[in-house]
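Comments concern the structure below.
The values are calculated or read from the model by the stated rules, or taken from the named source; none is laboratory data. Quantities reported herein were computed from a predicted structural model and do not represent experimental measurements. As a convention, Cβ positions derive from the backbone with ideal geometry for all residues, glycine included, and neighbour counts pool all protein chains shown. For accessibility, only protein heavy atoms count, side chains too; no ligands or nucleic acids. Shrake-Rupley method; radii C 1.70, N 1.55, O 1.52, S 1.80 Å.
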Amino acid sequence: MKAKTKFIQGGRKAKNEARTINLPVIRASTVVFKNLAELEEIQKRFDAGEAVPTYGIANMPLRVAFEEMMAELEGGYRAVAAPSGLAAVALALMATVKAGDHVLMLDSAYGPARRFCDRTLKRFGVETTYYDPLIGEGIAALMKPNTTVVYLESPGSHTFEVQDFPAIARVARERGAAVIHDNTWATGRFFPSFEHGADLVIQAATKYPAGHSDVLIGAVVANEKWCPRLRQTAYDMGQHVSPDDLFLTLRGMRTMDVRLKQHEASGLEVARHLEKHKRVKRVLHPALPSDAGHALWKRDFRGAAGLFAIELDASPKEMAAFVDGLELFALGYSWGGYESLVVPAHMMRSVKPWKGGPLVRLQIGLEDTADLIADLEQSLGRLR
Ligand SMILES: *Cc1c(COP(=O)(O)O)cnc(C)c1O
């Protein structure tokens, strides 16, 4: 099946007794069985070899369907649902480290992922070193005997550096470290992380999979090697996702392919337009030939998200006037919904602090691009 068909057909194998196209929302803690024989039979059907009892937290049809869809999307062996994207980040790290280990994390990682390393992992005796996202095979020089995780996020948050993923993954694997990728920007549709050497892939399904700015949800997808540890860790931590949120996310995923392509096309059109504006110093969008990461993006990616940043030739005060002057772009965090958004880049960097002008992140939604461009033009016009 082609990807487009998989988004429609996936996750519907779960037995649907309601005979509806969408699996119904079943709210439950207890699942009731006729007798002990049936309890044991159903247990076997769901989770061969793993002692996870069937009750509200596990084996529920919507959760199974969502996990199937995420494993399919990312091209991994199996997925585990998490209550948010950040919870998925924490879960992937908890599943791969132990006291005394060392983690290599890119400098432009999603900020809260850095905080998880610097505060919580540190408390458990795990040390983190940040590396330049453009390090490539130079990562070898930072590997220590106790490095058990190399964490990537390509392109990076806010600054959109494209990493030489295969080169970094090769070094990590040679040294026996797990390769974790936060693939929220491209999703498996545009970047097949496992083909490039990932062991575990994080997806903030809050973004494009849910797609309507009303759900927080995440997933970690693992290859066969890491699947048992990932599942054990998730169950040990009691992570649960509400059936309503699973329902909304599955519904979002049915249209994800068409939405992604529209976000990509509209994003590029707006980015190309902004590139020509005299108050825009630089557009940080790897699908633009002018972008430093373009060659790697072209080599490894199959498409681009509608999320990028612009560096303004402006003072911080002018930047604020530009952000406040936009009418169609809502000001707020998170992204991946149908609407356009703007937010000043909020960066935590320790290896290479940002030295450029004010940086603003734009998410291009599904509105008509002519309206979006006109809005950006009128607000850029305030920069005098
Ligand atoms: C949004 C985001 C997350 C966190 O997702 P939440 O669901 O908001 O917790 C993680 N990684 C990246 C790259 C993100 O953009």
Apply the Karplus curve 6.51 cos²θ - 1.76 cosθ + 1.60, θ = phi - 60°, to the phi angles in region 155-167 and return the couplings in whole Hz, x for Gly and Pro.
x, x, 5, 6, 10, 6, 5, 8, 8, 7, 4, x, 5
Charge dipole of the chain built from unit charges on the beta carbon (Lys, Arg +1; Asp, Glu -1), centred at mean Cα; most positive-end Cα among 252, 36, 140 is 140
Pick out which of 270, 89, 283 has the largest mean-square fluctuation in a Gaussian network model of the chain, springs linking Cα atoms closer than 10 Å.
270
Excluding residues on the same chain fewer than 8 positions from residue 44, give the lysines whose Cα lies under 19 Å from its Cα.
13, 15, 34
If amide H atoms are modeled at 1.01 Å from N in the peptide plane, then the residues at a separation of 5 or more from residue 186, or on another chain, having amide H under 5 Å from its own are none
Given 344, 109, 280, which one lies farthest toward the positive end of the charge dipole of the chain, if we put +1 on the Cβ of every Lys and Arg and -1 on the Cβ of every Asp and Glu?
109
How large is log10 I(q)/I(0) at q = 0.18, 0.25 Å⁻¹ when the Debye formula is applied to the Cα atoms of region 313-381, each weighted equally and without solvent?
-0.72, -1.15
If contacts are Cα pairs under 8 angstrom and at least 6 residues apart, what is the relative contact order of region 256-383 in percent?
29
Per residue, in Å², the accessible surface of the chain once ligands and nucleic acids are set aside, probe 1.4 Å:
44
Lys and Arg at +1, Asp and Glu at -1: neighbours of residue 178 with Cβ under 11 Å from its Cβ sum to +2
If R₀ is 35 angstrom, what is the calculated FRET efficiency for the pair residue 16 and residue 141, using the beta carbon separation as r and rounding to 0.05?
0.05
Just subtract the alpha-carbon distance of residue 350 and residue 122 from 0.36 nm times their residue separation and send over the number in nm, one decimal.
80.4 nm
Hey, any idea what % of the chain's accessible area is carbon plus sulfur with a 1.4 Å probe?
54
Rounded to one decimal in Å, the inverse mean reciprocal Cα-Cα distance for region 1-124, i.e. its Kirkwood radius, is 17.4
Residues whose modelled amide H sits under 5 Å from the amide H of residue 128, counting only those 5 or more places away in sequence or on another chain, are 103
Please state the charge dipole magnitude for the chain, taken about the Cα centre, from unit charges on C-beta atoms (+1 on K and R, -1 on D and E), reported in debye and rounded to the nearest 20.
300
Strictly greater than 22 Å: what percent of every Cα pair in region 256-383 meets that?
33
Project the alpha carbons of region 36-253 onto their principal axes and report the range along each, largest first, in whole Å.
57, 36, 31
Can you give me the distance in nm between label points at residue 299 and residue 378, each placed 7 Å from the Cα along the Cα-to-Cβ direction?
4.4
Going from most exposed to least, what order do 130, 55 have by accessible area with a 1.4 Å probe?
55, 130
Provide, as a two-decimal number, the C-alpha radius of gyration of region 158-259 over 2.2 N^0.38 Å, N being how many residues it has.
1.17
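Rg over Rh of the chain, using C-alpha atoms and the Kirkwood radius, what does it come to?
0.99
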Among 94, 323, 23, the residue whose Cα sits farthest towards the positive end of the charge dipole of the chain, when +1 is placed on the Cβ of each Lys and Arg and -1 on the Cβ of each Asp and Glu, is 94
Can you check how the C-alpha radius of gyration of region 209-330 compares to 2.2 N^0.38 Å, as a plain ratio?
1.41
FRET efficiency for residue 28 and residue 6, using Cβ-Cβ distance with R0 set to 35 Å, rounded to 0.05:
0.80
For region 121-127, Karplus couplings with θ = phi - 60° (6.51, -1.76, 1.60), whole Hz, Gly/Pro x:
4, 4, 4, 9, x, 10, 9
